[in-house]
């Protein structure tokens, strides 16, 4: 059994990295209350439930988490759930030392397991959830042309559908928001304000990547348009909609769609590596302009809240089982409706001929100074979520991609029966 588990882990990491580079029940109780031995109330009822205590990470998972810091992460938090069982741990520090001579990871104290972080593109899964909710309520169909729901934003003649925005098949290019040529230029990028209309206009000034539905092409502007669509249909701002439709019903007590550059006082502090790679001399990226990320990547959350979200989503608390099935229907690039997929370390390895691998679903967030990765079994019973700080300007050359993916897969492997 141990040999099979190790082989499965290696295969799952490889599958997950391939998928990521192709892109870049009742409400759960609050794990902080569980740690303190208190009780928590579901967000949609007055019934009080007692949560099981959070346990330390199993040794092999602890080792994988520590390896992320050894590879250069400043601070990292890993949260794992299997049914009613929960494990959590943190490594590194909340912030690098104020003195670069002291090196990275020398100050700030150990992160709490519920330390907030900017979770970047995991936001897309939450926005996609709202879009599917609205479709299920009859506001529009997922295969309706965007122009019939949100007139005048995208060229009607291209026939782009809502679904094609969700799964990045629209052909709409990304706006030139981020300059990854240096750490300082990237930091400057995320401190500039944008309106969604400006982002979309900048994207429309570029060549289309493909005809609608013809290929996968990852673009944050797909979700900028979806954010505009949500606000147009509901009449509310996106922060309010996400709070009412996702954060509160999922029990995400430490999650927000921010309105300014600040972070909670107990948050992980963002750290951008210098251009030479992991080490001292980088930049504090904690304060960022939310509109630089918009509906595609602006959410602030925690590792426990990410697990709470995917559990609520996949157990049918946020959308119907049919809606979940549509979101988990992936294309050749390993992407569904706001979800990416990876190999399940609890699945069979090697995969029998003619069969598809068993999958986990979730999302990766590549931010500036912050990263996140959260994966769940399709039924929402087994999950692992990692948030960390310390990033390279170009995600494709980030030395932490493999060790952080391995830590999440190790967390999932610990849930195998």
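When 408, 246 are arranged by Cβ crowding within 10 Å, least crowded first, meaning fewest neighbours, the order is 246, 408. Multiplying the residue separation of residue 205 and residue 192 by 0.36 nm and removing their Cα-Cα distance gives an extension gain of 2.7 nm. Each peptide in 154-161, 286-293 receives the mean, over its residues, of other Cβ atoms within 10 Å, and ordering these scores from highest gives 286-293, 154-161. Compute the FRET efficiency between residue 234 and residue 110 as 1/(1 + (r/R0)^6), taking r as their Cβ-Cβ distance and R0 = 41 Å, and round to the nearest 0.05. According to the calculation, E is roughly 0.50.
Computing FRET efficiency as 1/(1 + (r/R0)^6) for residue 182 and residue 348, where r is the C-beta to C-beta distance and R0 is 45 Å, gives about 0.50. How big is the gap, in Å, between the Cα center of region 200-218 and the Cα center of region 240-288? Taking the Cα centre of region 240-288 as reference, the centre of region 200-218 is 28 Å away.
Packing-based ranking of 377-385, 199-207, 308-316 yields 308-316, 377-385, 199-207, ordered from highest to lowest mean Cβ neighbour count within 10 Å.
No value in this document is a laboratory result; all are computed from the given coordinates. Since this is a predicted model, take the numbers as computed values, not measurements. Note: ideal-geometry Cβ built from the backbone for every residue, glycine included; neighbour counts use all protein chains shown.
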